[in-house]
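The values are calculated or read from the model by the stated rules, or taken from the named source; none is laboratory data. Just so it is clear, the structure is predicted and the values come from calculations on it, not from any experiment. Here the Cβ positions follow ideal geometry from the backbone for every residue, glycine too, while neighbour counts run over all protein chains shown.
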Amino acid sequence: MSASESHAAVPPPTPEAARPAPQAPRLAVRRVGIDTYRENVAYLHRDCAIVSAEGFQALSKVEISANNDPTGNGRTVAAVLNVVDDERIVGSDELGLSEQAFAQLGLAEGSQASIAHAEPPASMHALRHKIGGERLARGDYLAIVRDIVQKRYSKIELAAFVVACAQFELDRDEVVHLTEAMASFGRRLDWRERLVVDKHCIGGIPGNRTSMLVVPIVAAHGLLIPKTSSRAITSPAGTADTMEVLTEVDLPFDQMAEIARQLRGCLTWGGQAELSPADDMLIAVERPLSIDSPGQMVASILSKKLAAGSTHLVLDIPLGPSAKVRTSAEAQRLRKLFEYVARHVGITLDVVITDGRQPVGRGIGPILEARDVMQVLENDPRAPPDLRQKALRLAGRVIEFDPDVRGGDGFPIARDILDSGRALQKMNEIIDLQGRRRQPCRLGALTMDVRAAEPGVVVAIDNLQLARVARLAGAPRVRGAGVDVFCRLGDRVETGDILYRIYADYPADLAFASRLANRSSGFSLGDSGAVPKALGEF
């Protein structure tokens, strides 16, 4: 055989570009029933052949793909890898997925999926600059938020971003950039109306359930107020938790929107609306770290309102010794930052600094707070007057967004709507359309009274301590758990008088709450001259 014939018999080498890409290892998907709360987690057994072959280690970031799925859904999700030793969790030929990752991938259990090393997030360089204390531009925040929403950040990296933004305080233009970026990903609502109003409180005050009064009052006036509220994360109840005592709040977006258009208002949980999803993911790491920096707070609140289609917002900033905002100077700085960012993102904002020295209303916990709200709506003489008055003031400020209402006329309009029963009628319409609860919830069967150890005047009430007691009693997980407050600032009490009553459903919960209350009731007694004056605008 000639040399030329020998050469021709050997196939020429395949060009690099023409070679098929190596296939990523494929495994059977197994649903692992673990709620990893807004973080995708994948599980491989230590004896899985690809763990060592591919160099996978615990906490590696991986990409899981369904691109060869016969249904053609072709989804890819990013996840953090955990390596397990127990085949009851995941077998050596299986790929386990947390509840979040399994739902996001959308494959049936047992289907084949591939797993590969994930590329580093494109925004990692911007994150490193922020960790180093540098100022970031609009494009940097867009890149970071995009990677957060696509779940390319682990919770460690999310925590690094949150801490860096708190340590090196964002300037006001950075807050604008972060707000716009957070509102850019997820659903963006357009109600096709010139005036869409909302009311929001920055939180930190137990029992402050004014939204459930403002919405029916404002809706009865005729303004559109589609209220999507949050559930509690570290508080004894959120608006959605309290409203859920009365009606369904977990509604599909289209149903919520139809109710809002028909009745001019609604009170639902915002989880299904997919508004500013990056905010929910950041909150998941902010709360355990007890970080609530001004820039992140402003971006969180205004991005949600921007995504929800709100054009006009009344913002409640409670001010008090145990509130989130504790000095007048701090309150004014926060007000100016909110106003600057709102102006740049196109929201008309009215900031109100209110009295945050003590809980608003008497109840702390879902059923107790719902009771207070309904008493106000029903004009019950037992209704807490502070809750009624604050809700009327806030509703009045919202109503004054109406171009046909003169400044100062909002309060009497709101009071007339409440006193006439129109607000109660509107609330009942909202409850019925959302899905009224047919079985009434009940208060916790176990109680303990916390009593005054000595005579005196109530000169301070620790909001945080009462919230902690209510949480330990089981609220909001147990709807009937919580704290019913009997005394207010300035009240005279005698030894043995009840300061508040703890409600619980389980002996262990009552024991935890009682031990905390016995260590410190949260009430301080003294002379009448020591009662702090309210610094709010009301």
- Query: What do you reckon, is ALA391 assigned to a helix (DSSP H, G or I), within 26 Å of ARG264 (Cβ to Cβ) and touching a Ser or Thr at 6+ places or on another chain (Cβ under 8 Å)?
  - Reply: yes
- Message: Being without any contact (Cβ under 8 Å) to a residue 60 or more places away in the chain and either among the acidic types (Asp, Glu) or touching a helix residue (DSSP H, G or I) at 6+ places or on another chain (Cβ under 6 Å) (or both) is the filter here; which residues of the range 273-301 pass it?
- Response: ASP292
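In the range 211-221, is there at least one residue being touching a residue at least 12 places away in the same chain (Cβ under 8 Å) and in contact with a Ser or Thr (Cβ under 8 Å, 6 or more places away or on another chain)?
There is at least one residue in the range 211-221 that is touching a residue at least 12 places away in the same chain (Cβ under 8 Å) and in contact with a Ser or Thr (Cβ under 8 Å, 6 or more places away or on another chain).
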- Among the candidates SER52, SER65, single out the residue that is modelled with pLDDT under 90 and surrounded by 10 or more Cβ atoms within 10 Å (Cβ to Cβ). SER52
- Task: With the checklist (1) touching a strand residue (DSSP E or B) at 6+ places or on another chain (Cβ under 9 Å); (2) within 20 Å of TRP191 (Cα to Cα) in hand, flag the one item ASP254 doesn't pass.
- Result: (1)
- Task: Give the range 103-153 a look and list any residue that's assigned to a helix (DSSP H, G or I), buried (at least 16 other Cβ atoms within 10 Å of the Cβ), modelled with pLDDT under 95 and not β-branched (Val, Ile, Thr), or say none.
- Result: GLN104, LEU105
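Quick check on my filter: what residues within the range 354-383 are of a type outside the set (D, E, K, R), surrounded by fewer than 22 Cβ atoms within 10 Å (Cβ to Cβ) and not in a helix (DSSP H, G or I)? Quick ask: steps written out before the conclusion?
Of all residues in the range 354-383, those of a type outside the set (D, E, K, R) come to 354, 356, 358-361, 363-368, 370, 373-377, 379, 381, 383.
Then keep just the ones that are surrounded by fewer than 22 Cβ atoms within 10 Å (Cβ to Cβ); that gives 374-375, 379, 381, 383.
Scanning the range 354-383 gives ASN379, PRO381, ALA383.
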- With (1) buried (at least 24 other Cβ atoms within 10 Å of the Cβ); (2) touching a strand residue (DSSP E or B) at 6+ places or on another chain (Cβ under 7 Å); (3) among the β-branched types (Val, Ile, Thr) as the list, and VAL175 as the residue in question, which single condition is left unmet? (2)
- Which strands (runs of 3 or more DSSP E) sit wholly inside the range 423-538 and have at least 1 residues that are at pLDDT 95 or above and either surrounded by fewer than 20 Cβ atoms within 10 Å (Cβ to Cβ) or assigned by TED's automatic domain parsing to the domain that holds ALA331 (or both)? 446-451, 456-461, 498-504, 523-526
